[in-house]
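Structure first, then comments.
Where a number appears in this text, it was derived from the coordinates with a stated rule and is not lab data. As the structure is a prediction and not an experimental result, all values here were calculated from the model. Quick reminder, even Gly has a Cβ in these numbers, built from the backbone with ideal geometry, and neighbours come from all protein chains shown.
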Amino acid sequence: MTRDTEREDPSRINLDDITCPTREQRANGINAFKGKASELVEQARSGELRNCERDFQQNSGCILNFYLTVRVATIRDAVMIVHAPVGCSAPAALYREVFRRLWTSMNRAADFDFHWLTTNIGERDVIYGAADKLRYAIEEAVRRHSPQAVFILTSCTSGIIGEDVEGVVAELQPGIEATLVPIHCEGIRSRIIQTGYDAFWHGILKYLVKPPRRRQKDLVNVASMLSYTWQDRAEITRILGKIGLRPNFVPEFARVSDFESLSEAALTAPVCPTYTDYLSRGLEQEYGVPYFLFPSPIGIANTDEWLRTIGRMLGLEARVEEVIREERAHWVPKMDAIRAGFEKVKAGNGGDFRIMGSLGQGRLVTQTPFFQELGVSTPVALCQDFDNLLLDDIENLLKRVGDFDIVVNTFQAAEVAHTARYYNPDMILSCPFQGSAYKREKGMTRIHALRGDGRKWSAQAGYAGAVACGSFLLQATRNYSFQNTMMEKTGDPYKPWWYEQPDPTYFHRKAEASGS
Amino acid sequence: MKLTLVKGQEGRPPAKTYPEVAESPRFTCALGGAYAAALAVYGAVPILHSGSGCGMANAQGLTYASGLNSGGPQGTTVTPCSGLIEEHVVFGGEDKLRRLIDSTLRLMKGDLFVVISGCVPALIGDDVDSVVAEFRDRAPVIHVKTSGFVGNGFLGYNLFLDAVIDGLLQPRPVERRLVNLLGIVPNQNIFWKGELRTLKALLEGIGAKVNTVFSDFGSLGSLERIPAASLNLVFHPWAGLEAARKLEERFGTPFEALDFVPVGPRDTSEFLRLVARRLKLKSGKVEGFIAEEERYVYRFMEYLSEMFMIAMPHSFLGVVADSRTAISLIRYAANELGWNPELAVVTDDPPEWAREGIARRLAEGLQGPSVPRVLFQYDSHLIRQELRAQPLQVIFASSLEKYIAKTENEAHHLSVSYPTYDRLIVDRSYAGYRGGIAIMEDISHNFAGPS
């Protein structure tokens with residue numbers, strides 16, 4: 001598991017360690033907060049923020065399954081091994097089918113033939129150890145598929161029974177040409193699922209990225225989110241292409257060589273800062289690849305600024321300004337029409353339209369200004385996680401949009417339901433798999449689609465995505481009969497008592513919180 | 001280009017093999033199976049004593065993977081979970097669980113609370129039974145002692161029933177003609193809701209009373225009513241069978257091991273007659289019901305016959321499914337459609353004692369010369385190789401085979417088994433008289449025409 005080291009520079013990445021520190025250790029990540037965003041920043045600055053233990057807690061994903069299994073499985077010429085009991089990799093069972101719905105005519109590579117294995121740890125293994133099975137799995141992966149890399153994902157069980165994954169890797173690697181990449185994503189390591197992203201990037205940086213053979217001046221690393229659809233990739237490719245740059249998308253649908261050449265890129269650009277942070281810092285530290293973390297290309301203004309930042313860093317300012325002019329001429333009138341649509345909605349709604357989004361902190365800093373572009377207000381943001389990596393950006397956000405309420409709650413469903421009831425926004429934007437959050441008197445829709453969705457309708461990134469997403473949200477205001485009917489005809493899982501409590505943090509125990 | 005080989009081992013088989021190391025197996029873990037069973041009891045609230053990702057892994061990897069289903073009102077992020085991390089591994093998770101059960105009883109509606117323990121408490125030795133016992137006077141709380149490494153999702157169903165029998169059931173006066181439906185495994189059998197509903201309607205049609213146990217509105221009462229049955233029906237070669245034996249031992253309820261759900265009129269009528277004999281139902285009513293149902297279904301079969309004879313007559317059939325789904329479909333295909341079952345890949349990893357019986361069920365009582373080759377295999381890579389080696393025109397399988405069937409076998413494909421990510425299945429099923437027609441309705445989109 002993690003090595004608990006005191007470092008002089010806590011942001012320095014130590015690739016001699018077998019894995020990353022947790023987000024709690026690295027960036028004082030927390031799982032709970034309720035208050036003003038300004039207070040959150042203040043408390044983060046003064047080091048007062050603490051993780052909390054919840055007496056009532058609900059399913060929220062772990063660092064393995066939010067969602068490393070379903071992401072690593074899509075690396076095209078690699079094999080993923082999940083060193084775990086059989087259920088830990090069950091979400092990856094979609095690997096053969098879902099992404100084939102993206103057509104090859106949409107520039108999808110033909111070789112979408114992914115492979116993964118579970119070591120299927122059983123009762124015998126937890127007593128005698130499962131190193132032999134892991135060895136066999138690695139060799140079987142190589143025999144079957146001749147991959148360029150084999151990723152080994154650990155689990156709570158492999159961690160607790162003390163599997164020596166590094167030992168197995170060190171023993172086998174000399175005889176295997178595929179690169180073995182252990183990822184320490186034991187679910188018990190951290191309350192903050194973003195630790196899983198860091199653990200993944202740690203493995204990538206430590207084992208897979210090669211020293212640059214040459215600098216590729218036109219290559220921009222883009223670590224895409226699970227919630228970036230195929231059209232988002234197409235849009236990022238398009239706008240980068242207009243300034244003569246190419247994206248190097250990882251990890252989804254990448255080839256192993258795309259990871260190896262991360263060091264050769266001119267720049268690492270964010271589409272989600274909290275997700276990209278560890279990789280970006282690591283590539284700069286080890287190979288001098290510059291990076292920025294804010295903003296992401298969500299909304300017109302953020303996309304302008306995203307391009308401008310790239311332009312500044314790569315000396316392409318003039319071309320970027322030309323592109324922004326062209327793009328604005330095409331897209332801004334469409335955004336104006338959407339804003340006019342929202343003005344009508346607001347006029348029929350007492351002059352305001354209030355949206356509450358369930359966001360990661362990365363989306364918090366980029367999506368909130370986008371809501372402002374649409375002309376809707378955001379009285380409260382639900383934030384999955386919070387750490388001090390984006391403090392400056394959140395302070396800047398406060399300057400841009402003013403103060404707002406924020407609830408950090410790892411998407412705890414009862415706390416979300418309580419918050420929704422309390423603020424009663426006109427529209428809730430929720431992640432997939434959020435239980436019965438759709439049952440409302442007012443609006444509710446999804447905040448994003450997922451990777452396998454190829455429809456232009458579901459896009460979010462860049463200029464095309466801003467317009468698509470704006471249209472989508474406007475469309476969501478038209479008819480609430482599904483939400484209303486399901487609210488009326490089916491039950492609520494929580495007792496009325498819960499909604500009578502003044503505070504959704506009712507079951508938090510801050511005093512006894514631990515740091516990890 | 002780099003060659004990737006195990007150096008010095010080219011072409012040499014490994015010294016020792018571990019068949020359980022597999023590509024995308026066709027089941028979740030026992031915790032997942034127990035979780036799905038708890039969600040399948042209306043009004044029950046599962047409480048996972050586990051790492052924080054176990055529920056979400058099964059929301060994506062079991063409920064959503066079984067026909068794109070939500071977990072219902074207590075599923076996905078609604079399910080209480082202790083979210084164990086390192087400090088609990090060091091200091092124990094019992095206190096966390098105690099607080100979680102207490103808060104759940106205060107916050108969540110429910111008439112049964114099902115604590116399901118996973119890998120972490122099993123490995124660190126939490127005394128979950130003792131913690132659960134503290135709450136017995138506040139609400140019905142039971143404990144399913146399981147983990148991810150103890151076995152697969154079908155076993156998890158068995159463990160759930162075991163916990164119900166031990167933790168909840170009391171002797172009851174036997175209700176004449178009442179049957180319990182066992183062995184239809186929530187989510188691992190993707191048609192479970194529709195099957196329970198269809199079987200209930202059929203059995204009521206011949207004068208039986210039915211406790212579906214899962215899925216109906218009876219909730220806790222459906223579980224408590226289990227000992228009142230005069231007969232238990234087990235629709236699976238091994239899932240639910242141990243429960244039936246235990247119920248016989250404890251409450252004297254006899255059981256009938258049917259091994260499979262009847263699909264199509266022939267097996268359905270035979271099934272109804274068998275149950276009627278066991279329950280001593282009036283044969284006039286039973287035969288009247290059967291005659292009416294058969295008359296209807298065969299008349300309507302005529303409407304699909306042209307499509308059938310153009311698109312998929314006398315097909316070579318491959319089935320990749322859990323044991324009882326494979327038995328159901330191969331029997332229907334061979335005995336009513338005139339298809340030739342060539343390959344049956346059984347994916348639920350049945351215990352050794354059950355395998356011979358499953359192989360016999362898959363081979364006996366079939367019309368035509370074909371007897372399917374039976375493989376017990378859940379490794380998706382090896383299954384793909386088996387399919388490639390076999391000329392097949394129809395493949396009933398999971399959605400893992402969707403594109404393989406199309407591109408590597410040129411076969412019609414229909415997802416009938418876990419995992420199924422390519423169709424929504426709410427209360428659809430292929431059970432009963434109309435099952436064959438439903439199969440044809442669902443598979444025919446692969447082939448419309450020629451005109």
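For peptide B:286-297, the mean count of partner chain Cβ atoms within 10 Å of a residue's Cβ comes to 0. Calculated mean residue ellipticity, 222 nm, chain A: -12000 deg cm²/dmol, from DSSP H runs (n ≥ 4) at -39500 (n - 2.57) each, averaged per residue and rounded to 500. Each residue of the range B:423-434 was assigned a 3J(HN,Hα) from its phi angle through the Karplus curve 6.51 cos²θ - 1.76 cosθ + 1.60 (θ = phi - 60°); the sequence is 7, 8, 10, 9, 10, 6, 7, 10, 6, x, 4, 7 Hz, with glycine and proline shown as x.
Using the alpha carbons alone, the radius of gyration of the range B:124-250 stands to its Kirkwood radius in an Rg to Rh ratio of 0.98.
Give me A:ILE176, A:ILE152 ranked fewest to most by other Cβ atoms within 10 Å of their Cβ, as a rough exposure proxy.
Ranking A:ILE176, A:ILE152 by Cβ neighbours within 10 Å, fewest first, gives A:ILE176, A:ILE152.
Select from A:TRP457, A:GLY443, A:TYR494 the residue farthest towards the positive end of the dipole of the range A:363-516; place +1 on Cβ of Lys and Arg, -1 on Cβ of Asp and Glu, and compute about the Cα centre. Most positive-ward Cα: A:TRP457.
Counting only helical runs of four or more DSSP H residues, what would the 222 nm mean residue ellipticity of chain B come to if each run contributes -39,500 (n - 2.57) and the total is spread over all its residues? Helix-only estimate at 222 nm: -11500 deg cm²/dmol. The residues packed around A:LYS206, meaning those with a beta-carbon under 10 Å from its beta-carbon, carry a net charge of -3 if Lys and Arg are +1 and Asp and Glu are -1. A DSSP coil position with no more than 14 other Cβ atoms inside 10 Å describes the following chymotrypsin sites (Phe, Trp or Tyr not before Pro) in the range B:167-256: B:PHE217. Ordering A:TRP201, A:ALA90, A:VAL181 by the projection of their Cα atoms onto the charge dipole of chain A, which places +1 on the Cβ of Lys and Arg and -1 on the Cβ of Asp and Glu, puts A:ALA90 at the extreme positive end.
Quick one: net charge of A:THR410's neighbours, Cβ under 11 Å, K/R +1, D/E -1? Charge balance in the 11 Å sphere: 0. Between the amide H of B:ASP216 and those of B:TYR42, distances stay under 5 Å, these residues lying 5 or more places away or on another chain, with hydrogens modeled in the peptide plane. Which residue, chosen from B:GLY221, B:GLN188, B:GLY264, occupies the Cα position most advanced towards the positive end of the dipole of the range B:178-293, where the dipole is computed from +1 (Lys, Arg) and -1 (Asp, Glu) charges on Cβ about the Cα centre? Checked the options; the winner is B:GLY221. For the range A:195-201, the Karplus equation 6.51 cos²θ - 1.76 cosθ + 1.60, evaluated at θ = phi - 60°, returns couplings of 4, x, 4, 4, 4, 5, 5 Hz by residue, with Gly and Pro reported as x. Exposure here means at most 11 other Cβ atoms within 10 Å; with GluC sites (Glu not before Pro) in a DSSP loop as sites, the longest stretch of chain A lacking them is A:49-440. About its Cα centre, the protein assembly as shown has a charge dipole of approximately 2020 debye under the convention of +1 per Lys or Arg Cβ and -1 per Asp or Glu Cβ, with nothing else charged. When you restrict to C-alpha pairs under 8 Å that are six or more residues apart and normalise by the size of the range B:312-420, the relative contact order lands at 30 percent.
Here the calculated FRET efficiency for B:GLU204 and A:HIS330, from their Cβ-Cβ distance with R0 = 56 Å, stands at 0.30, rounded to the nearest 0.05. Along the range B:318-335 the Karplus relation, 6.51 cos²θ - 1.76 cosθ + 1.60 evaluated at θ = phi - 60°, assigns HN-Hα couplings of x, 10, 10, 6, 4, 3, 6, 5, 4, 4, 3, 6, 5, 5, 5, 4, 6, 9 Hz to successive residues, with x for each Gly and Pro.
Remind me, relative contact order of the range A:204-280 in percent, using alpha carbon pairs under 8 angstrom and six or more residues apart?
On the way: 100 pairs, mean separation 38.3, N = 77.
This gives 50 percent for the range A:204-280.
In whole angstrom, the protein assembly as shown maps to an equivalent ellipsoid with semi-axes of 46, 32, 29, each derived as √(5λ) from the alpha carbon gyration tensor and ordered largest first. Charge dipole of chain B (Cα centre as origin; +1 on each Lys and Arg Cβ, -1 on each Asp and Glu Cβ, all else neutral): 640 debye, rounded to the nearest 20.
Normalising the average separation of contacting C-alpha pairs (under 8 angstrom, six or more residues apart) by the number of residues puts the relative contact order of chain A at 20 percent. Could you work out how far the C-alpha centroid of the range A:160-229 sits from that of the range B:10-83, in angstrom? Using only Cα atoms to place each centre, the spacing works out to 25 Å. Just to confirm the filter: which GluC sites (Glu not before Pro) across the range B:359-451 are DSSP coil and have at most 10 other Cβ within 10 angstrom of their Cβ? In loop regions of the range B:359-451 (DSSP not H, G, I, E or B), the sparsely surrounded GluC sites (Glu not before Pro) are B:GLU364, B:GLU410. The trypsin sites (Lys or Arg not before Pro) of the range A:317-366 include none that meets both conditions, a loop assignment by DSSP and at most 15 other Cβ atoms within 10 Å of the site Cβ. Counting Cβ atoms of other protein chains within 10 Å of each Cβ in A:110-123 and taking the mean gives 5.
Here the alpha carbons of chain A define both size measures, Rg and Dmax, at 22.8, 70 Å.
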